Amino acid sequence: MVSWERTGKRFLGVLFLSFLFLGGCSSSRDKSMSGKKGSAETFEARAHVAQGAQGNREGVKESLRAESMPSSSPRPNIIFVLTDDLAVWDLEAMPKLKALITDQGTSFSNFFVNLSQCCPSRASILRGQYAHNTEIYGNYPPEGGFQKFHSSAKEISTVAVWLHDAGYRTMLAGKYLNGYPTKHDLRFIPPGWDEWYSPVKGDAYGQFNYTLNENGTLVHYGHRPKDYGTDVYRVKSTDFIRRMAKEGKPFFCYLSVYAPHTPATPAPRHMNLFPDARAPRTPNFNEEDVSDKPRHIRSQPLLSAEEIRKIDEHHRKRLQSLQAVDEMIEDLLETLTTTGQIENTYIFFSSDNGFHLGNHRQFLGKQSPYEEEMRVPLLVRGPGVARGRQVDLLTGNIDLAPTWAELAGVKIPDWVDGFSLVPLWSPRPLSSDSWRHAYLLQCGNPDETGKDSHHPIAPTWLVDGTLEPPDDIEELRRAGFLGDIPKGVFEVPPFYGIRTAEYTYIEYVTGERELYDLRRDPYQLENKVERVNPELVDQLSARVRFLKKCAGYTCRNEPGE
């Protein structure tokens with residue numbers, strides 16, 4: 001998201017940004033909010049009642065294990081395909097996915113991540129919790145990463161553990177959590193996983209020259225075409241499906257590819273595709289007027305021609321890298337068909353977060369509160385899932401674990417924040433009045449960081465383990481690639497906010513705020529926070545205060561207006 005000068009070390013910064021993770025750090029109910037006098041106070045009062053109904057969060061003993069619920073019907077198989085940094089518009093380059101999943105199932109058009117960064121999002125997926133409850137706010141300690149997830153005993157109760165304990169055979173192939181494993185235990189396998197194929201050393205993001213922990217055995221993959229990472233995870237998954245079909249066991253397959261994450265390495269067979277592709281030139285691409293935006297956006301000059309060329313080049317590589325994923329989808333469906341499992345298997349497709357390419361003058365990355373970063377695809381195909389349907393209700397990554405639990409006949413622990421999505425694809429889906437009306441957005445941990453804070457960095461980005469691309473602008477600065485560019489210009493300040501059917505509302509630790517009317521301004525060009533009825537802002541702020549402290553029951557029972 002940085003505009004670079006084209007000389008010296010600053011130009012090297014452009015090259016290094018191809019390895020950068022981060023961008024830095026209406027329904028009738030919504031319409032009714034602006035017309036009720038004193039409604040912010042009413043919301044706060046109801047929030048207090050709801051919090052009290054759940055009880056003192058610190059005093060409630062967690063039920064760590066999920067409980068199985070009796071069922072007379074065969075339990076379905078579940079496959080989850082998780083991409084890395086996929087943007088919604090990338091789906092246009094995946095025709096097999098469209099034909100086999102989108103057209104044959106239900107798509108969720110308002111599916112969001114709570115925190116647009118790899119490890120926090122993946123922790124939310126595994127636990128069904130917002131980041132303030134997983135306490136994973138970043139990719140590395142002390143804010144987050146595998147080490148924090150592991151040391152805080154969050155792995156004791158994940159969806160893998162719930163399904164494993166209910167009799168499912170579980171498998172993970174590909175990326176787990178950033179920072180996995182520690183260099184002291186490369187053979188570590190988290191609880192709940194019957195089969196495990198995850199990188200522990202080498203360049204897994206680059207798709208070649210890496211080592212997998214294969215059920216406790218370290219297996220090296222080199223630079224041959226057949227060593228290409230996405231293809232290896234595909235083979236592991238289809239083999240798992242065939243074996244489970246022979247054994248007659250219900251299975252949960254968590255297939256987590258690295259594409260299209262930077263460096264977005266395509267398979268050799270796809271390297272020459274999309275020669276003329278350009279990043280989408282949406283109305284907010286290289287936004288002309290950012291005077292109403294927060295300082296970290298206002299500080300950026302317009303993108304240069306060289307920066308735009310780099311963005312387009314990276315976009316082409318991203319699309320190329322996704323072709324092996326598209327082929328993988330086809331192979332999975334063929335395997336399910338030939339093994340007789342297709343009619344009893346749910347397939348989910350999503351991403352851990354979105355990605356910006358030049359939007360609002362941001363170069364490459366994520367973690368800002370804009371649609372390109374926070375909204376991701378969710379596609380579902382399976383028994384009873386309506387074909388060709390689009391669900392517009394607010395859904396998100398905290399809803400995946402409770403959805404899979406319901407499909408498996410497992411009762412979720414009380415501390416889960418999300419809802420099951422199963423009622424939304426039924427023949428008679430829920431109405432908007434019966435569903436959530438706001439989804440929590442955040443960056444970092446705003447409750448424990450000051451207005452001048454910036455994201456923590458990895459101790460090193462060439463570690464004795466899986467090579468992780470640099471995760472912070474400050475790390476590049478320390479390495480000498482940013483010259484004398486002032487500190488603090490590029491980082492996204494920590495924030496809390498909400499996404500409703502009509503609005504995006506954000507509160508930064510700097511005191512800056514953003515408010516977008518998405519019905520009239522879907523590309524978030526006009527920050528309306530100073531130009532709307534203050535009562536509306538108070539209403540939205542009250543919702544933020546409620547959701548950022550919710551836990552379990554209270555997250556699932558937001559007070560109405």
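Report the FRET efficiency, 1/(1 + (r/R0)^6), for GLU247 and MET271, where r is their Cβ-Cβ distance and R0 is 45 Å, rounded to 0.05. Walk me through the numbers before you get to the answer.
Details: r = 39 Å, r/R0 = 0.87.
It comes to 0.70.
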Label-to-label distance, nm, for residues given as ASP392 and LYS183 (7 Å Cα→Cβ offset) = 5.3 nm
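Rounded to the nearest 0.05, what FRET efficiency is calculated for ASP414 and GLU448 with R0 set to 30 Å and r the Cβ-Cβ distance? Write out the running numbers ahead of the final one.
Values: r = 26 Å, r/R0 = 0.85.
In this case the efficiency is close to 0.75.
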Length added when fully stretched, GLU334-SER426, from 0.36 nm per residue minus Cα-Cα = 30.6 nm
Highest first, please rank the peptides 352-364, 261-273, 528-540 by the mean number of other Cβ atoms sitting within 10 Å of their residues.
-> 352-364, 261-273, 528-540
Share antiparallel - DSSP beta bridges, the stretch 77-425, percent rounded to 5 | 45 percent
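Rounded, prolate or oblate: which fits the stretch 129-236, taking a ≥ b ≥ c as square roots of the Cα gyration tensor eigenvalues, rounded meaning a/c under 1.5, else prolate when a/b beats b/c? If you can, show how the numbers build up before the last one.
Values: a/c = 2.08, a/b = 1.38, b/c = 1.51.
Oblate is the answer for the stretch 129-236, as a/c is 1.5 or above yet b/c matches or exceeds a/b.
Using a ≥ b ≥ c from the Cα gyration tensor of the stretch 86-189 (square roots of the eigenvalues), is it rounded, prolate or oblate, where a/c under 1.5 gives rounded and otherwise the larger of a/b and b/c decides, a/b for prolate? Let's see the in-between values first.
Values: a/c = 1.91, a/b = 1.55, b/c = 1.23.
Because a/c hits 1.5 or more and a/b exceeds b/c, the stretch 86-189 counts as prolate.
Expected output is a single nm value to one decimal: the length gained when fully extending between GLU526 and ARG545, i.e. 0.36 nm times separation in residues minus the C-alpha distance. What is it? Numbers along the way, then the final one.
Working: separation 19, 0.36 × 19 = 6.84 nm, distance 2.39 nm.
Extending this stretch completely gives an extra 4.4 nm.
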The summed charge of the ALA93 Cβ neighbourhood (under 9 Å; Lys/Arg +1, Asp/Glu -1) stands at -2
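R0 = 60 Å: FRET efficiency of ALA99 with ASP289, Cβ-based, nearest 0.05? Before the final figure, lay out the partial values.
Details: r = 41 Å, r/R0 = 0.68.
Plugging the Cβ-Cβ distance into 1/(1 + (r/R0)^6) gives 0.90.
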Taking every pair of Cα atoms in the stretch 301-359, average 1/r, invert it to obtain the Kirkwood radius, and report Rg/Rh to two decimals.
-> 1.23
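Relative contact order for the stretch 77-425: what is it in percent, counting Cα pairs under 8 Å that are at least 6 residues apart? All intermediate terms of the calculation are to be shown ahead of the outcome.
Working: 766 pairs, mean separation 110.1, N = 349.
Computed value for the stretch 77-425: 32 percent relative contact order.
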Rounded, prolate or oblate: which one fits the stretch 77-425, using the alpha carbon gyration tensor with axes a ≥ b ≥ c (rounded when a/c is under 1.5, else prolate when a/b beats b/c, else oblate)?
-> rounded
Dipole of the stretch 77-425 (Lys/Arg Cβ +1, Asp/Glu Cβ -1, origin at the Cα centre): which of ALA401, LEU379, ILE329 lies farthest to the positive side?
-> ILE329
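No lab work stands behind these numbers, since they all come straight from the coordinates. Computed from a predicted model, the values in this text were never measured in an experiment. Virtual Cβ from ideal backbone geometry, glycine too; neighbours counted across all protein chains shown.
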